[in-house]
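Q: I have a structure here, written as structure tokens, and I will follow up with some questions on it.
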Amino acid sequence: MTHLKSVAARPLAESRLPSRAGVGLKHEHAAELIAARPDLGFLEIHAENYMDEGGPPHAWLTALREIYPVSLHGVGLSIGGEQPLDEAHLDRLAELLARYQPASFSEHLAWSTHDTAYFNDLLPVAYDKATLQRVCDHIDRVHERLGVRMLLENPSTYVAFRSSSMDEIDFVSEVARHTGCGLLLDVNNVQVSCVNHGRDPLAYLAAFPVSQVREIHLAGYAEDADSLGARLLIDAHDRPVGADVWELYRQALRRTGPVATLIEWDNDVPALDVLLEEARKADRQLAGALDADRRAS
């Protein structure tokens, strides 16, 4: 692979998010955020919700961009897809980046397109050499077009491919090494995927390439059972962060140190005060991690 050469050929803008907790920007909360200006590290937006040129969402975001740093989180690039990236979609992302100058841009290790079909889901990839090459090529193109060092998020998965010849952490590590991308560590996804596949989430965290982590996500999961009655976790984003995910987060911070942390709550969106309390919990853990760093130094 020649990906390191392409990254080195052009300096890339780095993530500038503060080591604080943030929340996703929801239309239900926009007016309250503008009026009250609560103490928050940053706001995150889903890029695809802002690809129209005008309207209330852009008015809210324009106002809030003056108050908080913004993280741009994409869900539609289909980084793991078999076909080339949609250049029109990349153009729209470039316009958003130019318009709002977000402090960070991230996407998912997943695919959501096939031929002319677009799926409203983030689907898993096989961890093999062909997929590795394709994902690296796609990230190289993102870097070339956007000029920012993107963060790649580890997925939540419910099935695995027999054709996989690498484990997930080796795959993610190789992508980061070959492309120079940063990583977004979704701790809830670690819990969901590890439980679903019978793996140890603490072992996953211990092996994760944390030197590349620039952001962490936390969310709530739903619980069900598979056809055999085994425990099945769903990445639901519709409830508070679970106690086991908070504990995993504490363990993750021991390795990463303080890093920007988002509370994801995309469905059954609660009152803003509920989100702010979740963010305050994360900020307390971040403060503890910062104190530990100071004692260690």
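The values are calculated or read from the model by the stated rules, or taken from the named source; none is laboratory data. Bear in mind the structure is a predicted one, so any value in this text is a computation, not a measurement. Reconstructed Cβ throughout: ideal geometry from the backbone, glycine too, with neighbour counts over all protein chains shown.
Q: Would you please name the residue that is farthest from the chain's Cα centre (by Cα), looking only at residues in segment 10-30 that are buried (at least 19 other Cβ atoms within 10 Å of the Cβ) and of a type outside the set (Gly, Ala, Ser)?
A: Among those residues, the one meeting the criterion is 29.
Q: Sticking with this one: Any chance you could count how many residues in segment 13-33 are without any contact (Cβ under 8 Å) to a residue 60 or more places away in the chain and out of contact with any Leu (no Cβ under 6 Å at 6 or more places or on another chain)?
A: 3
Q: Could you please tell me which pairs satisfy a Cβ distance under 7 Å, a separation of 6+ or placement on different chains, a first residue in segment 204-228 that is among the hydrophobic types (A, V, I, L, M, F, W, C), and a second residue that is in a strand (DSSP E or B) and at pLDDT below 95?
A: 222/234; 225/231; 225/232
Q: Additional query: For residues that are among the hydroxyl-bearing types (Ser, Thr, Tyr) and either touching a Pro at 6+ places or on another chain (Cβ under 9 Å) or outside any helix (DSSP H, G or I) (or both), scanning just segment 250-297, find the one that is farthest from residue 43 (Cα to Cα).
A: Only one residue tops the list, namely 297.
Q: Could I ask something else about it? Which one of 141, 149 is modelled with pLDDT of 95 or more, touching a Pro at 6+ places or on another chain (Cβ under 9 Å), buried (at least 17 other Cβ atoms within 10 Å of the Cβ) and within 30 Å of residue 62 (Cβ to Cβ)?
A: 141
Q: Scan (1) more than 26 Å from residue 24 (Cβ to Cβ); (2) hydrophobic (A, V, I, L, M, F, W, C); (3) part of a loop (DSSP other than H, G, I, E, B); (4) touching a residue at least 12 places away in the same chain (Cβ under 8 Å) for the single condition residue 236 breaks and write down its number.
A: Against the list (1) more than 26 Å from residue 24 (Cβ to Cβ); (2) hydrophobic (A, V, I, L, M, F, W, C); (3) part of a loop (DSSP other than H, G, I, E, B); (4) touching a residue at least 12 places away in the same chain (Cβ under 8 Å), residue 236 comes up short only on (1).
Q: Filtering segment 202-225 down to residues that are aromatic (Phe, Trp, Tyr) and under 11 Å from residue 172 (Cβ atoms), which residue is nearest to the chain's Cα centre (by Cα)?
A: Filtering first and then ranking leaves 208.
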